[in-house]
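Q: The structure is given below, and queries will be raised subsequently.
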Amino acid sequence: MKYRVQNPSQTQQIAAELARRLRGGEVIWMEGDLGAGKTTFVKGLAAALGVEEVVTSPTFTFLRSYRGRALTLHHFDLYRAQDADELYELGLAEYLGESDAVCVIEWNKLESPVEPIRVRIRVVGDTEREIEIV
């Protein structure tokens, strides 16, 4: 599915639509340039899952976890990771595929034990984005 959005609020609405289909165990790979809106999308997912905490990018910690109403959201930002070995040593791969959680990975460098949902965000204007969910 492809969407054109004009602002961050619409990006979060698309994420909320996806969140309604999640049951746990899913892995979502976020693709897009810096500033494309990946974290904005994750904020929309989190809100729809019932997360009440403020969602921020885990750029310097690699992972932030948030408890929602029924599912935990594990948000990975692997931009600064050197390689996959570093991530496996930290135990990050153990989170993937948890039945009571959804893992969202920005800048993926891990292999998924399940077929990932791919979310591609492309900048097409100052505030306009194209979002593709495959």
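The values are calculated or read from the model by the stated rules, or taken from the named source; none is laboratory data. It should be emphasised that the depicted structure is a prediction, and the values quoted were computed from it without experimental measurement. When we count neighbours, we look across all protein chains shown, and the Cβ atoms used for this are built from the backbone with ideal geometry, even at glycine. Calculation scope for accessible area: heavy atoms of the full protein, side chains included, ligands and nucleic acids excluded. Shrake-Rupley method; radii C 1.70, N 1.55, O 1.52, S 1.80 Å.
Q: How many residues are touching a residue at least 40 places away in the same chain (Cβ under 8 Å) and open to solvent by less than 30 Å² (accessible area, probe 1.4 Å) when one looks only at the stretch 113-129?
A: Total satisfying the criteria: 3.
Q: I've got another one for you. Scan the stretch 32-55 and report the pairs whose first residue is aromatic (Phe, Trp, Tyr) and whose second residue is surrounded by fewer than 21 Cβ atoms within 10 Å (Cβ to Cβ), with Cβ atoms within less than 7 Å and a gap of 6+ or a chain change.
A: Partner pairs satisfying both residue conditions: none exist.
Q: Having 2 or more residues that are open to solvent by 60 Å² or more (accessible area, probe 1.4 Å) is the bar; report the strands (runs of 3 or more DSSP E) wholly within the stretch 1-109 that clear it.
A: 2-5, 63-67
Q: When both residues are 6+ apart or on different chains and their Cβ atoms are under 6 Å apart, which pairs have a first residue that lies in the stretch 72-85 and is at pLDDT 80 or above, and a second that is open to solvent by less than 20 Å² (accessible area, probe 1.4 Å) and part of a strand (DSSP E or B)?
A: Taking only residues 6 or more apart or on different chains, the pairs are Thr72/Ala101; Leu73/Tyr66; Leu73/Val102; His74/Ala101; His74/Cys103; His75/Val104; Phe76/Ile105; Asp77/Glu106.
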